[in-house]
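Engineer: Shown below is the structure under consideration.
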Amino acid sequence: MKDVNQDVTPEAPVDDDFLAGLERGELLYPRCADCNAALPFGAASCLHCGSAHLKWVASAGEGSLQSYVIYHRSYVPGVEAPYAVGLFQLEEGPRLLARLDLSGQDRFVRGGEFAARVQDGQLTFG
Amino acid sequence: MASRGKARGAIVGLGQSALSRKPIGTARQLAVAAVRAAIADSGLKHGEIDGLLINRSPLVPHDVLPLKLQDDLQLTKLRLLTSIEGEGSSAVQMIQYAALAIEAGMATNVVCVFSDDPVGVATGGQAFSPCLEISGIPGWEARCGLHGAAGAYALAAREYLWHYGLDDDALGWVAVSDRAWAQRNPDAFLHKPLTIDDYRQSPWVVEPFRVLDCAYPVNGAIAVVVSAAGAAANISERPVYLYGMGQGHRGFLGFATPGEPLTGAAIAGRGAFAMAGASPADVTACQFYEAFSFTTLLALEEYGLCGPGEAAAFVRSGHTAPDGRLPCNTGGGHLSGFYLQGMTPVAEAVIQARRQGGPRQLENPDLMLVTGNGGRLDYHAALLVGPAPSIA
Ligand SMILES: [Zn+2]
């Protein structure tokens, strides 16, 4: 049986890897390095096998809309209201919060398919 | 199994500071006023208080309401003192820990206080803008622009509305029900009659939430004194007994795993009902933590008072409003009464159990569910309370 207490420190802070990926134009999500299960963002150990060895892999960038909200007042410098934030289920499994492009849309439906766009370190589904 | 409805403790005093939309003092000063009022209300002597539990808003730093509150109050013989870290579930948690400590012999009379002064000279965005962590990626909410508790709760609300195929009016009927109660409560802050049409005209905050879906913050403090159930009748003319207590902490993971509880509220409810030897069908009224309208719908379902997806129709039919079959948020709740976090529902339950509700007094306050909810649906605590030493 595996000693789940060995090496419980992730090799690098998860947010750094995720954000560094965006800077390179890549959308990454976490998987277990031992059993390969896709893991929720923020997991520090594997839900399935308990391993603390996680890895970041590239997502195909396809997500289905689980929920969204529209801000009618802007809290983001340089972004005009209204703007939308969505919760997407990546095709690989994990749920990811991201900006949702409002342009050309007046109605969203549950499960709507969206594609990730990564530009200048910013992630938007549209 | 515990005998049905045997009380595990009692609330023997309730006190509050002034409540206001204007600055009326620091949270620390208001806390002193509320504690003094609660002790006076209990009839206990100052020196008979040997426990102090403190609940500050999760939005303020620790030193706003420090343990030094003890010195302000000159409570010099404490055997129990701590600050509770359950965010919106803290007020209910304080009462639970007080009752447990008393049962264990660690204290005799414990005062529990919440205090906050969120409404400043320039009101509005200040208390609104901090992000709640829900993405799992530190700092990501701010980069996405998901600001405020309202944004995080609105995201859960939209998922809920979609899951059950409900329209946005489902939220509005909660606001209408709360307002109907507030009209009968002179201490509520919003009294104007409210129809569903008025609700639809209310400005958006974060769609699907309008202004009227959001709690109405005030400055103020509320405190209660908790004592042993067996001693309560000798202290207070109208003690409020605690039959059941539970907590549940789980986060909101969406609807991906059918059959699992959606949030920790379901776990908290099971614990409280098991301790009380009661079931949801026995509940005569509810005082929910409802910082946003949506949380009342979810709580009705999570605590087993309505089936999954049925709360909206239940509220729309008037069952939670005055003369309804399950009165909820009977002082106007967080939306139309006032928002002092977990102490708003606690105080209303005490008032109802003591039959001090005036025009809003319930005929049957015999078994009330009182809830706390913190984080983004992360942290839950529940009490079952009533006016008799055991459930009628
Ligand atoms: Zn694994």
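Engineer: Just want the ordering: B:Ile391, B:Ile351, B:Ile222, from fewest to most Cβ atoms lying within 10 Å of their own Cβ. It would help to have the intermediate numbers written out before the result.
Structural biologist: Numbers: B:Ile391 20, B:Ile351 23, B:Ile222 31.
Listing B:Ile391, B:Ile351, B:Ile222 from fewest to most nearby Cβ atoms yields B:Ile391, B:Ile351, B:Ile222.
Engineer: For the stretch B:197-287, rounded, prolate or oblate, judged on the Cα gyration tensor with a ≥ b ≥ c (square roots of eigenvalues), a/c < 1.5 rounded, else prolate if a/b > b/c?
Structural biologist: Working: a/c = 2.58, a/b = 1.37, b/c = 1.88.
It is oblate, given that a/c is not under 1.5 and a/b is not larger than b/c.
Engineer: With everything on Cα atoms, drop me the angle between helix B:27-42 and the longest principal axis of chain B, reported from 0 to 90° to the nearest 10.
Structural biologist: Roughly 60 degrees between the two axes.
Engineer: Which of the lysines could a cross-linker bridge to B:Lys22, judged by Cα under 24 Å and excluding same-chain residues fewer than eight apart?
Structural biologist: In chain and number order, the partners are B:Lys192.
Engineer: Between A:Ala81 and A:Arg110, what is the label-point separation in nm under the 7 Å Cα-to-beta-carbon projection?
Structural biologist: 2.8
Engineer: Could you pull out every one of the lysines with an alpha carbon less than 30 Å from that of A:Lys55, ignoring same-chain neighbours closer than 8 positions?
Structural biologist: A:Lys2
Engineer: Here is a follow-up. Using only Cα atoms, tell me the angle between helix A:14-23 and the longest principal axis of chain A; keep it within 0 to 90° and round to the nearest 10.
Structural biologist: Taking the Cα atoms of chain A, the angle to A:14-23 is about 50 degrees.
Engineer: Shifting gears a bit: What number, in nm² with one decimal, is the all-direction average of the projected area of the convex hull of the alpha-carbon atoms of the stretch A:16-125? List each step's numbers first, then the result.
Structural biologist: Details: hull surface 29.5 nm².
The orientation-averaged projected area of the Cα hull of the stretch A:16-125 comes to 7.4 nm².
Engineer: Pick from B:Ser90, B:Ser115, B:Ser17 the residue whose mean-square fluctuation is largest in a GNM of chain B, springs joining Cα atoms under 10 Å.
Structural biologist: Highest fluctuation of the listed residues: B:Ser17.
Engineer: Taking the 0 to 90 degree range and rounding to the nearest ten, how far is the long axis of helix B:293-302 tilted relative to the main principal axis of chain B, both from C-alpha atoms?
Structural biologist: Rounded to the nearest ten degrees, it is 70.
Engineer: Would you list, by chain and number, the lysines whose Cα falls below 17 Å from the Cα of B:Lys45, excluding same-chain residues fewer than 8 positions away?
Structural biologist: Straight-distance partners of B:Lys45: B:Lys77.
Engineer: Under a point-charge model restricted to the Cβ atoms of Lys and Arg (+1) and Asp and Glu (-1), what is the dipole moment magnitude of the stretch A:16-125 relative to its Cα centre, in debye to the nearest 20?
Structural biologist: On the way: 9 positive and 13 negative charges, 58 e Å.
Charge dipole of the stretch A:16-125: 280 debye, to the nearest 20.
Engineer: Along the positive direction of the dipole of chain B (beta-carbon charges: Lys, Arg +1; Asp, Glu -1; about the Cα centre), which of B:Val218, B:Ser42, B:Pro203 reaches farthest?
Structural biologist: Ranked along the dipole, the leading option is B:Ser42.
Engineer: Quick one: plug the Kirkwood hydrodynamic radius of chain B (C-alpha pairs) into Stokes-Einstein at 37 °C, 0.692 mPa s, and report D in µm²/s.
Structural biologist: Working: Rh = 20.6 Å.
The diffusion coefficient I find is 159 µm²/s.
Engineer: Sorted from fewest to most neighbouring beta carbons within 10 Å, what does the list B:Met245, B:Met368, B:Met106, B:Met275 look like?
Structural biologist: Ordered by Cβ neighbours within 10 Å, fewest first: B:Met106, B:Met275, B:Met245, B:Met368.
Engineer: Answer with one residue from B:Pro280, B:Trp140, B:Phe189: the one whose Cα lies farthest towards the positive end of the charge dipole of chain B, charges on Cβ with Lys, Arg +1 and Asp, Glu -1.
Structural biologist: B:Phe189
Engineer: Next up: Mind checking which of B:Leu53, B:Leu194, B:Leu14 has the largest fluctuation in a GNM of chain B, springs on alpha carbons under 10 Å?
Structural biologist: Checking each option, the largest mean-square fluctuation is seen for B:Leu194.
Engineer: Still on this structure: Can you pull a Stokes-Einstein diffusion coefficient for the protein assembly as shown at 20 °C (1.002 mPa s), Rh from Kirkwood over Cα pairs, as a whole number of µm²/s? Provide the component values of the computation, followed by the final result.
Structural biologist: Details: Rh = 23.8 Å.
Here the translational diffusion coefficient equals 90 µm²/s.
Engineer: Still on this structure, I have one more. Could you state the orientation-averaged shadow area of the convex hull built on the Cα atoms of the stretch B:16-87, in nm² to one decimal? Walk me through the intermediate numbers first.
Structural biologist: Working: hull surface 20.5 nm².
Orientation-averaged projected area of the Cα hull: 5.1 nm².
Engineer: Now, a different point. Just how large is the dipole of the protein assembly as shown about the Cα centre, in debye to the nearest 20, putting +1 at every Lys and Arg Cβ and -1 at every Asp and Glu Cβ? Intermediate results must be reported in sequence, preceding the final value.
Structural biologist: On the way: 38 positive and 52 negative charges, 317 e Å.
The dipole of the protein assembly as shown has a size of about 1520 debye.
A short reminder: the numbers here are calculations on the coordinates, not readings from a lab. Note that the coordinates shown come from a computational prediction; the quantities given were computed from them, not determined experimentally. Every residue, glycine among them, receives a Cβ derived from its backbone with ideal geometry; neighbour counts consider all protein chains shown.
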